[in-house]
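Structure below; questions to follow.
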Protein chains: 2
Amino acid sequence: MTSTISMGQYLFKRVAELGIEHVFGVPGDFNLTLLDQLFKVQELKWLGVCNELNGAYAADGYARIKGVPGVLVTTYAVGELSAMNGVAGAYAEHAGMIHVVGMPGRAVQEARLMLHHTMEPGMDQTIYAGMAEPIRKTHTILTDENTMAQEIDRVIEAGVKSKLPVYIYVPMDVVGIPLDASRLEKPLNTKVANSNSQMEDEVVKSTLELIENSSKPSILADVLTIRHGGRELARRLASVTQFPTYSTPLSKGIFDETDSKYNGVYNGEGKVNPPIGLIILKASYLVSFPGCADSLESSDLVLNIGFLLSDSNTGGFTRKIPDGNLVLLGHDYCQIHDKKFDGIHFLPVLKRIVEEIEKDPKQFSIPKPDTRAKVETPLLSTSTSGPITQSYIWQRIGRFLRPNDIILSESGTAQFGLTDATFAADMQLITQTFWSSIGYTVGACLGALAAAKEQQQQEEKQLTSNQNPPASSNRVILIVGDGSLQMTVQEIGSYIRFGFTPVIFVVSNDGYAIERAIHGERMGYNDISMLWDHQAMLGFLGARQETGIKGRSFACKTVEELEGVLTEEEFQGARCIQVCEIFMDKLDYPWRLSSQIAVARKKMAQAMALQG
Amino acid sequence: MTSTISMGQYLFKRVAELGIEHVFGVPGDFNLTLLDQLFKVQELKWLGVCNELNGAYAADGYARIKGVPGVLVTTYAVGELSAMNGVAGAYAEHAGMIHVVGMPGRAVQEARLMLHHTMEPGMDQTIYAGMAEPIRKTHTILTDENTMAQEIDRVIEAGVKSKLPVYIYVPMDVVGIPLDASRLEKPLNTKVANSNSQMEDEVVKSTLELIENSSKPSILADVLTIRHGGRELARRLASVTQFPTYSTPLSKGIFDETDSKYNGVYNGEGKVNPPIGLIILKASYLVSFPGCADSLESSDLVLNIGFLLSDSNTGGFTRKIPDGNLVLLGHDYCQIHDKKFDGIHFLPVLKRIVEEIEKDPKQFSIPKPDTRAKVETPLLSTSTSGPITQSYIWQRIGRFLRPNDIILSESGTAQFGLTDATFAADMQLITQTFWSSIGYTVGACLGALAAAKEQQQQEEKQLTSNQNPPASSNRVILIVGDGSLQMTVQEIGSYIRFGFTPVIFVVSNDGYAIERAIHGERMGYNDISMLWDHQAMLGFLGARQETGIKGRSFACKTVEELEGVLTEEEFQGARCIQVCEIFMDKLDYPWRLSSQIAVARKKMAQAMALQG
């Protein structure tokens, strides 16, 4: 007699097997019985969110810290459609997500009943599943009892390997169907492997040869390195080779930025000989810090790992790395000079390369003559008083950061500005420079908080009894603009509800500054409500005397006021939820944003001229 | 030399031609230049909302009051996807919407650049347009300068006639293209007409004959009567014939509920001989008030106009009207007894029927012997003190209502409960009993407020100078539960920003009560954050001393407290924004909700038994 497990518990046991401890979502008529099954799986905790878009953002943020897909549970139609933009963002930026949708029972679907949440004509209840096709790697609708278990396994494995969203649709009548429990004894196969070992061999061998023969090598590790689990390998590669390292806007934080070999964020547009000077820098087309692009582009070998070549991540398509100096190690292909290896995933390749070099580092790397000096980060502002400017704020926040901090920077001025900050070691950045959906970070922060808590509890478990727990580690810091905040503000209530204590910087600059910088600087459509009282936000959402939950709020209009907050030990400790509102001029933009736009305009004009 | 007009202004001039004065949306990189064009059209005002889902809800709410599609402007990818659930709701419930999406320029699309908001692989920038296919009537992507004007006309006309959402995608490089302005001199053709006049004749003639020969006729006017512009015709039909009238849960308010011929909300499940009595009523399967279903179902002729036969609108499919007594006048077909007329729209049919009867009412209607007594509404509670119960609250709110009020009841206890209230004359109800997306009303209320303001200004213009403007007419009243409110709360800030003064009732009952009633009454997944301070909401979002915007907030835990608020003249006047929080037990449900669920369970058990 084989022991059985309900379909619902089978699914969530598989989720727990990935190391996941928190699941996000919103209840609805068609997922309630599924949630009953979830609640029976002891390893998992349910974090009910305010709405499904925020839930998708939270699952995405969780995945980025955790390294495995976040899980989102929604209900048929209204829930799954509300989440779409968030799922699409996880697709675009390879965060990964397992989106579980409760749907009407099989008999009801066959009868095509005119159920609520359904649409005329036809009452086809799989219509919404069809809509999500472009934003997922694969999906399954669990209608056949004989294949359910293997379908769940197949879809979860594909999600973990691809780091793209997958969908599991669960008709409400199937959640209790008994499945063979012994199947769970065999772990999921989530390991990324290249099926074409000959091609993989060639990529490894050729890359090692190029490394050996290079005289000015560089490592440029981009965001998909992190998303696909290659961050530690990239760090090991940097460590063993001592090659100069570079990140991109999206991968910032991948290397220890305090390391002597780290040269900054490469965002293209080198060799324009910009006059160095802060005022002029603003007006030039430069999109990396002075010297950074030239340093990288002077390499005779660039190991470009986990690349994502979007507009804002390449200085508006202004990278200048000749193919003859380039090794691309990507998630769906690798390329050595002009030879492309389709379907080869960088992760096994990188692992072999690192292990090979670690066997005998001298052969590959040390000593390798390199005349390039470290690219130093310029100090953009020496302000010590008066109004807070974009040129001042981001590097100042950089000095506030500590090792192990997780920081989220919202699309807009925060995202472009924070690139100027130097990170502490072992930090993680969450930002959506490619998908760029404003409001994202407020949801994603909830996921990051949950993942950080799991990490911290793991670390505490590993401590022996006579060790003290690390003080205030794993701070989670959210930087969000006033316009973005209005998109998704309710989820701050969830931080409070679940006992999280992030530091929240609110950039108060009267609207959508990133849009003002692009077009319509003074047009009314870029305005938002200026009437919100951010100082009252935590109280409204739950942190106040009456509830016994402590919250602290600060408003800073000057550098002096901000310094007072940032240097306060209690603020730094982050032991309760805190808001620090930073007022800035609405027409002040980070130089990187202005530069990026100028580059885009120049490119557009060139394209038009070519067409004309 | 023909005069020209930019593509953008052409589009918005056509929008203004429909009588629209407010446009909703969120700015984004790809719609900014389009918004420049919008701002040049004097007839239109831009209402920037906090996020796109709320914007879609607002456009939907606007359409329901205005009778023409609401207009929503979003940006490529992130914006259009965020709006999807709201657009789908407007589709399901025939609210109509013109969704204008700004997208990348044509050259960029052709080059398939890896622009932000785009997705690998392929960088096809029409991918999101494809996803929206099931939730729209038609669409156009404005790439061809030669057909732009006619495409805009075609799509808007289809949207107005069908009352279904339509999409206009605007590449950002086309907004300034000059179009022939003289085309605007020819108005859009938005009149619904049946192409098959022979079939239309037959429906009209047969219906009139049946009316003439009936002895117990009834009018059952459903929600699509309202959505498709037939409300006044239905009222004229009722007035000229003096037939007994009935509404449905979705069409409540279509008739004057104070009229002697009005018999209540028909929601099926008649002839079960329920014991009449409040306690027993709760436990029975009755889903209409006692006597209502039997009264309607005893008719020898039911004129069922604008029907929408979904589960919650038919007492869980328990209508019992024999085909031989039924005339169905629908938006996509009419049916007389068992003869179906595909493609015949009720609106021209109803118009001809009404006009025919009005020519000679006596022939058709008066006097027609009808032994049926008016169905009286039972009084569900005589409570005058103590805790506020579901059986008390809805009819009490009913007595608070005044002619011309617009009321929005959120999906959940409010939606089911408010059905018990007797409406004042000429009220309009907005509720989403079919699509049932929680949080909808908070967004929709913004649209209703804008539409109500337009109506009021119209009325004031029509007053001669020696008439006083109507005092506090067009009150807009929102009833929303605490769980739904958390979905979309930020839009209350928009009410304040734009100077609107709704009355907001917040049902504070600790979570998703409708889900508790369905399943998992005490399960944690039906909980929400209980930490929000609704009394601080208006202050946080902008109505406070410092801003000079007045807001009033009340918390009521007892009948006495609530009576104090509802009878206060200032509260009734609704001259500033007001919140009245009503605390109720979390396990107390409106009887209609319990009954609906019981019926659904019974049906499901029957279906299972048949299958087994």
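For A:M97, which of the numbered conditions (1) in contact with a strand residue (DSSP E or B) (Cβ under 7 Å, 6 or more places away or on another chain); (2) open to solvent by 10 Å² or more (accessible area, probe 1.4 Å) fails to hold?
(2)
Restricting attention to the range B:458-480, report how many residues are modelled with pLDDT of 90 or more and open to solvent by 80 Å² or more (accessible area, probe 1.4 Å).
Qualifying residue count, the range B:458-480: 0.
Of all residues in the range A:392-413, how many are of a type in the set (G, A, S) and either surrounded by fewer than 23 Cβ atoms within 10 Å (Cβ to Cβ) or not assigned by TED's automatic domain parsing to the domain that holds A:Q456 (or both)?
Number of matching residues: 1.
With the requirement that a residue be in a helix (DSSP H, G or I) and over 23 Å from A:I496 (Cα atoms), what does the range B:540-551 give you?
Correct list: B:Q545, B:E546, B:T547.
Being open to solvent by less than 60 Å² (accessible area, probe 1.4 Å) and hydroxyl-bearing (S, T, Y) is the filter here, so list the residues in the range B:163-212 that pass it.
Residues satisfying the conditions are B:Y167, B:Y169, B:S182, B:T190, B:S206, B:T207.
Let me ask something else about it. Could you check the range A:414-439 and list, in sequence order, the residues that are more than 9 Å from chain B (Cβ to nearest Cβ), under 17 Å from B:H116 (Cα atoms) and open to solvent by 10 Å² or more (accessible area, probe 1.4 Å)?
If the condition is that a residue be more than 9 Å from chain B (Cβ to nearest Cβ), under 17 Å from B:H116 (Cα atoms) and open to solvent by 10 Å² or more (accessible area, probe 1.4 Å), then A:Q415, A:F416 are the ones that fit.
What tally of residues in the range A:192-225 results from selecting those that are acidic (D, E) and more than 29 Å from A:F434 (Cβ to Cβ)?
Going through the range A:192-225 one residue at a time, the tally reaches 4.
Keeping to the range B:507-522, report how many residues are in a loop (DSSP other than H, G, I, E, B) and either over 28 Å from the mean Cα position of the chain (by Cα) or at the interface with another protein chain (Cβ under 8 Å from one of its Cβ atoms) (or both).
The number of residues fulfilling the criteria is 5.
Which residue pairs have Cβ atoms closer than 8 Å, lie 6 or more positions apart in sequence or on different chains, and pair a first residue in the range A:78-89 that is more than 8 Å from chain B (Cβ to nearest Cβ) with a second residue that is basic (K, R)?
If the second residue must be basic (K, R), the pairs left are A:V87/A:R136.
Would you pick out the residues in the range A:114-162 that are open to solvent by 10 Å² or more (accessible area, probe 1.4 Å), at pLDDT 90 or above, touching a helix residue (DSSP H, G or I) at 6+ places or on another chain (Cβ under 6 Å) and within 14 Å of chain B (Cβ to nearest Cβ)?
A:I127, A:P134, A:K137
Being assigned to a helix (DSSP H, G or I) and at the interface with chain B (Cβ under 9 Å from one of its Cβ atoms) is the requirement here; does A:Y525 meet it?
Yes.
On the basis of being open to solvent by less than 10 Å² (accessible area, probe 1.4 Å), modelled with pLDDT under 95 and under 18 Å from B:G28 (Cβ atoms), does A:A517 make the cut?
no
Are any residues in the range B:37-95 in contact with a His (Cβ under 8 Å, 6 or more places away or on another chain) and among the acidic types (D, E), and if so, which ones?
Residue satisfying the conditions is B:E80 alone.
Here is a list of conditions, (1) closer than 30 Å to A:L485 by Cα; (2) out of contact with any Lys or Arg (no Cβ under 6 Å at 6 or more places or on another chain); (3) assigned to a loop (DSSP other than H, G, I, E, B), and B:M537 meets all of them except one; can you say which number that is?
Only one criterion is unmet by B:M537, namely (3).
When you check A:K320 against the structure, is it modelled with pLDDT of 95 or more, open to solvent by 60 Å² or more (accessible area, probe 1.4 Å) and not assigned by TED's automatic domain parsing to the domain that holds A:M584, yes or no?
no
Quick check on this structure: which one of A:G564, A:G612, A:G551 is farther than 17 Å from A:G268 by Cβ, modelled with pLDDT of 90 or more and surrounded by fewer than 16 Cβ atoms within 10 Å (Cβ to Cβ)?
A:G564
Right, here's the next one. Can you tell me which residue in the range A:5-41 is nearest to the other protein chains (Cβ to nearest Cβ), limited to those that are of a type in the set (S, T, N, Q) and over 22 Å from A:E491 (Cβ atoms)? Step through it out loud before you land on a result.
Filtering the range A:5-41 for residues of a type in the set (S, T, N, Q) gives A:6, A:9, A:31, A:33, A:37.
Now drop any that are not over 22 Å from A:E491 (Cβ atoms), which leaves A:6, A:9, A:33, A:37.
Numbers: A:S6: 16, A:Q9: 15, A:T33: 6, A:Q37: 11 Å.
It comes out as A:T33.
List the residue pairs whose Cβ atoms are under 7 Å apart, where the first residue sits in the range B:484-506 and is more than 7 Å from chain A (Cβ to nearest Cβ) and open to solvent by less than 10 Å² (accessible area, probe 1.4 Å), the second is in a strand (DSSP E or B) and acidic (D, E), and the two are 6 or more positions apart or on different chains.
These pairs meet every condition: B:V506/B:E581.
Run A:G548 past the list (1) in contact (Cβ under 8 Å) with a residue 12 or more places away in the chain; (2) on the phi > 0 side of the Ramachandran plot and report the number of the one that doesn't hold.
It is condition (1) that A:G548 fails.
Got a sec? Which helices (runs of 4 or more DSSP H) wholly within the range B:552-612 have at least 2 residues that are more than 30 Å from B:F317 (Cβ to Cβ)?
Because the criterion is at least 2 residues that are more than 30 Å from B:F317 (Cβ to Cβ), the helices (runs of 4 or more DSSP H) in the range B:552-612 that meet it are B:559-566, B:569-573.
So that you can scan it fast, the table gives a plain yes or no per residue for (1) under 19 Å from A:V223 (Cα atoms); (2) touching a residue at least 60 places away in the same chain (Cβ under 8 Å); (3) surrounded by fewer than 24 Cβ atoms within 10 Å (Cβ to Cβ); (4) more than 22 Å from the chain's Cα centre (by Cα):
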| residue | (1), (2), (3), (4) |
| --- | --- |
| A:I305 | yes, yes, no, no |
| A:S310 | yes, yes, no, no |
| A:G315 | yes, yes, no, no |
| A:V349 | yes, yes, no, yes |
| A:R352 | no, yes, yes, yes |
| A:E358 | no, yes, yes, yes |
| A:Q363 | no, yes, yes, yes |
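Filter the range B:260-286 for residues that are within 30 Å of B:P403 (Cα to Cα) and surrounded by fewer than 16 Cβ atoms within 10 Å (Cβ to Cβ); which is modelled with the lowest pLDDT?
B:L278
Continuing with the same structure: Among what's in the range B:537-581 and is among the acidic types (D, E) and within 30 Å of A:I492 (Cα to Cα), pick the residue that is nearest to the other protein chains (Cβ to nearest Cβ).
B:E546
The values are calculated or read from the model by the stated rules, or taken from the named source; none is laboratory data. Just so it is clear, the model here is predicted, and its values are computed rather than measured. Neighbour counts are summed over all protein chains in view; Cβ atoms, including those assigned to glycine, are modelled from backbone coordinates with ideal geometry. Just so you know, the surface numbers come from the protein's heavy atoms only, side chains and all, with ligands and any DNA or RNA stripped out. Shrake-Rupley method; radii C 1.70, N 1.55, O 1.52, S 1.80 Å.
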